[in-house]
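The values are calculated or read from the model by the stated rules, or taken from the named source; none is laboratory data. As the structure is a prediction and not an experimental result, all values here were calculated from the model. Reconstructed Cβ throughout: ideal geometry from the backbone, glycine too, with neighbour counts over all protein chains shown.
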């Protein structure tokens, strides 16, 4: 039986809150900040209809001040409230059949069965009337989208995850300002785009050209029941740990002593330490470093690898290697080899994403792999970034070639709505999941199908890149966790052991450089340099050599333009603060 919990008190509170917000936000603009409208307004009715490809008089523009505006970042987020909010949306006004062409600017990774041949795309088509004809990039180098721009031949939509391509599409005039289309055809859509998403994704010209995928605002998720703030930390093979007599793991030094004991007593362990790419940040922050983009008291931004705490973390990791506790093979091992090591119980401890072992079915009731409290450095308070804070990535764009921009923007309104997001992320209510005490409970069939996730995406169309353009952090929190007995156990442990170490650093995640800018090129080069330099620092033959490699990395980053990149982050920080972020 479906549970449709619409409590009258919550609805009344929502209406009152929305009306108060409406009164307070007169003149709120698409650029989103402090009630200041930074987007140019059409001067007359003809200009208002300038983007309309239809014949006829068109639909008069409705100002968003006339709409019931709800900012989910400022109020309690609940399924009941989100469903009530969706009632005001405009996409249901026309659900007649229509077909749009879409270019997906990334290789898909699995065979596409075709629109309407999985339950989710079929349901999207049934509800909205929209059919999508998708083509996919065969490479990740933007070569095909560059060819499209050179020829001027565009699909109706572009799904883009590359910021350079996004910047070029905007500069060359191939994509529509979504804020203008929203104002003209779907003013109610502003209620499903979080205020801080608008701020982050508004370009320098004051316009919004793309919607974010996987945008997570901690304000939106802080009151979601069961929301998890962390998904990475320390996992131990507790069976082996118990064989060693449960040596204490309260401090980082104690953790190292446990590893030394394991090296002596458990000679067949292949990986005493396994990490998935986050260990340098874990150790830096355990030694007192801040966010990778650290904001100083004076408002300037610098990369945390400039700080001594980062160097101390590197020295700790290098010490593990020099003591024979870190197997360099882990930096080249393939996924199937990790799975085999997990199955053979050859991993003693894991730093990073808890899914390293969970994804291989190793969180059953009798699994030896269990989450542990994170060892500390005495005198330092460890803080890890709240995972619900994510600026997401560039997603859907409507091209100037789109043949029906009114239906196109209203389709995006559906995809951004709570209805659209829950459909694409967790499926059809009553068929794939039920609501249970405000949480999503997947059916046994879906839980079993998710074991082979690639096949699951292909067969069911859920959490699939094809359909899942606009899933948000709060839907992820509602639908991903608490979905099975073993999963519930794991996430309960995370909540108890790791959530207390998290801190809201969302503004740091929002510090991005302009798409297509010189700073973006610098950022990409330094990111690649850092990946290479980490291995040299980790695997240095002495602590002195590790520090030499560290200094060489900083010097090379400076040559590439590190100071220029940090200045761009600082400028962006000041802009966000000025817009009321």
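Overview of results
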| quantity | calculated |
| --- | --- |
| Residue in the range 520-539 that is at pLDDT 95 or above and not in a helix (DSSP H, G or I) present | yes |
| Qualifying residue in the range 350-359 (condition: in a loop (DSSP other than H, G, I, E, B) and either touching a helix residue (DSSP H, G or I) at 6+ places or on another chain (Cβ under 6 Å) or at pLDDT 85 or above (or both)) | no |
| Elements of type strands (runs of 3 or more DSSP E) contained in the range 128-242, each with 3 or more residues being touching a helix residue (DSSP H, G or I) at 6+ places or on another chain (Cβ under 9 Å) and over 24 Å from residue 98 (Cα atoms) | 232-237 |
| Residues (assigned to a strand (DSSP E or B) and more than 17 Å from residue 409 (Cα to Cα)) located in the range 92-127 | 104 |
| Meets criteria (closer than 30 Å to residue 183 by Cα and buried (at least 19 other Cβ atoms within 10 Å of the Cβ)) for residue 409 | yes |
| Count - residues of the range 138-173 that are buried (at least 20 other Cβ atoms within 10 Å of the Cβ) and over 14 Å from residue 401 (Cβ atoms) | 6 |
| Of all residues in the range 299-336 being loosely packed, with under 14 Cβ neighbours inside 10 Å, at pLDDT below 95 and more than 27 Å from the chain's Cα centre (by Cα), the one that is nearest to residue 573 (Cα to Cα) | 328 |
| Condition check for residue 428: closer than 27 Å to residue 509 by Cβ and over 17 Å from the mean Cα position of the chain (by Cα) | no |
| Condition check for residue 173: touching a strand residue (DSSP E or B) at 6+ places or on another chain (Cβ under 7 Å) and over 19 Å from residue 454 (Cα atoms) | no |
| Condition check for residue 549: closer than 25 Å to residue 390 by Cα and buried (at least 16 other Cβ atoms within 10 Å of the Cβ) | no |
| Hits in the range 502-518 (condition: more than 16 Å from residue 171 (Cα to Cα) and either not in a loop (DSSP other than H, G, I, E, B) or not assigned by TED's automatic domain parsing to the domain that holds residue 302 (or both)) | 502, 503, 506, 507, 508, 509 |
| Failed criterion for residue 73 (all others in (1) out of contact with any strand residue (DSSP E or B) (no Cβ under 9 Å at 6 or more places or on another chain); (2) at pLDDT 75 or above; (3) part of a helix (DSSP H, G or I) hold) | (2) |
| The one condition in (1) touching a residue at least 40 places away in the same chain (Cβ under 8 Å); (2) touching a helix residue (DSSP H, G or I) at 6+ places or on another chain (Cβ under 7 Å); (3) outside any helix (DSSP H, G or I); (4) over 27 Å from residue 562 (Cα atoms) that residue 247 fails to fulfil | (1) |
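Okay, residues lined up against (1) touching a strand residue (DSSP E or B) at 6+ places or on another chain (Cβ under 7 Å); (2) at pLDDT 95 or above; (3) not assigned by TED's automatic domain parsing to the domain that holds residue 429:
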{"residue": "109", "(1), (2), (3)": "no, no, no"}
{"residue": "122", "(1), (2), (3)": "no, yes, no"}
{"residue": "130", "(1), (2), (3)": "yes, yes, no"}
{"residue": "133", "(1), (2), (3)": "yes, yes, no"}
{"residue": "139", "(1), (2), (3)": "no, no, no"}
{"residue": "144", "(1), (2), (3)": "no, no, no"}
